[in-house]
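The values are calculated or read from the model by the stated rules, or taken from the named source; none is laboratory data. The shown structure was predicted, so the numbers you read here are calculated from the model rather than taken from an experiment. Every residue, glycine as well, gets a Cβ built from its backbone with ideal geometry; the counts of neighbours run over all protein chains shown.
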């Protein structure tokens, strides 16, 4: 007797490399427009794909404005609310990889723009803000995301959005970037095929 597994729908490409490039370009333009003193802006990427996005935004802002804004990265591993070990026992889920935070500038007086690939529940951003505030107190914190897919569980709203992509809660949005995945695109996946933040 042959058992047939249900077939998963093929991933749907939401953004190709050209559309992704245009989207990042638009976010860079909005960053320049909304921040009068670019010298006080710092882009801080959230590991993993927020980091290359922040680097790309920094390059675009410098090309268009002549100002090279500060750049950093933040690791949220120890601030996540889904990572816990109870009574010394084993964690319920596989634990994330610790990548480290790099902030080679003073936060005081800065407008820190947190950069991430996908905004979903808002819990990643809450963790990133917690991690950031351990290093100082910026004047303002803004949020730039490539994709906002909805389904917020916390009152988090981005200042800069590349694309609003309504999704079913069971679906997943996967951003793939050259620096990490050797390709630039955004995919819509079924439940078991990928995940997002």
Worksheet item: Quick one: would you say residue 97 is within 27 Å of residue 165 (Cβ to Cβ), modelled with pLDDT of 95 or more and either buried (at least 22 other Cβ atoms within 10 Å of the Cβ) or out of contact with any strand residue (DSSP E or B) (no Cβ under 8 Å at 6 or more places or on another chain) (or both)?
Response: no
Worksheet item: Of all the residues that make up segment 12-31, how many are over 19 Å from residue 179 (Cα atoms) and surrounded by fewer than 17 Cβ atoms within 10 Å (Cβ to Cβ)?
Response: 4
Worksheet entry | Residues (surrounded by fewer than 20 Cβ atoms within 10 Å (Cβ to Cβ), over 18 Å from residue 73 (Cα atoms) and under 15 Å from the mean Cα position of the chain (by Cα)) located in segment 140-157 | 150, 152, 156, 157
Practice prompt. Sort out which residues of segment 43-55 are surrounded by fewer than 23 Cβ atoms within 10 Å (Cβ to Cβ) and in a helix (DSSP H, G or I), and write them in order of number.
Written response: 52, 55
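So which residues in segment 155-170 are modelled with pLDDT of 95 or more and in a loop (DSSP other than H, G, I, E, B), if there are any at all?
Step one: filter segment 155-170 for residues modelled with pLDDT of 95 or more, giving 155-164.
Residues satisfying the conditions are 155, 156, 157, 158, 159.
What about residue 61, is it over 16 Å from residue 162 (Cβ atoms), modelled with pLDDT of 95 or more, surrounded by 14 or more Cβ atoms within 10 Å (Cβ to Cβ) and touching a helix residue (DSSP H, G or I) at 6+ places or on another chain (Cβ under 7 Å)?
On the way: over 16 Å from residue 162 (Cβ atoms): no; modelled with pLDDT of 95 or more: yes; surrounded by 14 or more Cβ atoms within 10 Å (Cβ to Cβ): yes; touching a helix residue (DSSP H, G or I) at 6+ places or on another chain (Cβ under 7 Å): yes.
When the stated conditions are applied, residue 61 does not pass them.
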